[in-house]
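Below is one structure; the comments refer to it alone.
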Amino acid sequence: MCGDAGYLRQDVTIDDPRFGTISPCSCKVREIADRRMRALVERSNLSALAGMTFDTFMVGAPQRNAFTRAQQFAESPDGWLVIMGGYGTGKTHLAAAIGNQRLAATEPALFMVVPDLLDHLRSAYAPGSELGYDDLFEGVRQAPLLILDDLGTQISTQWAAEKLYQLFNHRYIFRLPTVITTNNSLDEIGGRLASRMSDPQISKCVTIDADDFRGAVSGAREPTGGNPRPYKRRSNRGVEFTDRP
Ligand SMILES: [Zn+2]
């Protein structure tokens, strides 16, 4: 017992080299671990998505392959995992589940919604901004595990396209673990981003194809909210999962 001091004197004899030194008490060790965990969660952007875990994901037939791949990736993140599929197929949930599993193992993860990231960068870059643009971009560029949710084709400006390319290219060259979700096909994304996302040397692509859905799926439910966008495919007979909290 340290009596809230947080540290204990080593209980050793005078000829022990540790004599007179102090060591953290178990309560201190726990406090440090808790603080580290809180900091990891705060920095991850995952606190609002903490409920999106593998345990809470309802796996339908169309999701089975993506679910397995996502779990494998979460076990030991290596290279890139690209999760493709229409709105409401569970991509965001799987991507967040990867991040949440890493955090549970006290490993860092950074979750960014791509349109939000570009907005952040734009406002950070604005003259007079107090946000450090370079700090922000560097943090995202170097994140040990980066989850980019909702990569779209509506990249409005040349500037945004260039930033996104710089980000992708850096993570590609250094083979940094990255998860990307998108509603679009690689053809629709096109160009330099798609060529990196489709490089089998670094990237695994999985598609949640709701069109493949043929039979009964337990736990199927209707979308309960979110921000529906037009689904690219004509048919979406599959299970609807909410893609957003
Ligand atoms: Zn103590």
Whole-angstrom Cα spans of segment 30-212 along principal axes, big to small:
51, 49, 28
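Computed FRET efficiency, Cβ-Cβ of Cys2 and Asp116, R0 51 Å: what is it to the nearest 0.05? It would help to have the intermediate numbers written out before the result.
Numbers: r = 44 Å, r/R0 = 0.86.
E between Cys2 and Asp116, to the nearest 0.05, is 0.70.
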The size of the Cβ-based charge dipole (Lys, Arg +1; Asp, Glu -1) of segment 30-212 about the Cα centre, to the nearest 20 debye, is 380
Run the 1.4 Å probe and let me know the accessible area of Asp199, rounded to the nearest 10 Å².
30
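Below 8 Å between Cα atoms, with a sequence gap of 6+, how large is the relative contact order for segment 30-212 in percent?
Details: 272 pairs, mean separation 58.3, N = 183.
RCO, segment 30-212: 32 percent.
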If I stretch the segment between Glu162 and Ser26 completely, what's the gain in nm (0.36 nm per residue apart, minus their alpha carbon distance), one decimal?
44.1 nm
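When only C-alpha pairs under 8 Å and at least 6 residues apart count, what is the relative contact order of segment 133-206, in percent?
Values: 63 pairs, mean separation 26.0, N = 74.
Reported as a whole number, the value is 35 percent.
The values are calculated or read from the model by the stated rules, or taken from the named source; none is laboratory data. The structure displayed is predicted, hence computed values, not measured ones. So basically every Cβ, Gly included, is an ideal-geometry build from the backbone, and we count neighbours across all protein chains shown. Only protein heavy atoms, including side chains, enter the accessible area calculation; ligands, DNA and RNA are left aside. Shrake-Rupley method; radii C 1.70, N 1.55, O 1.52, S 1.80 Å.
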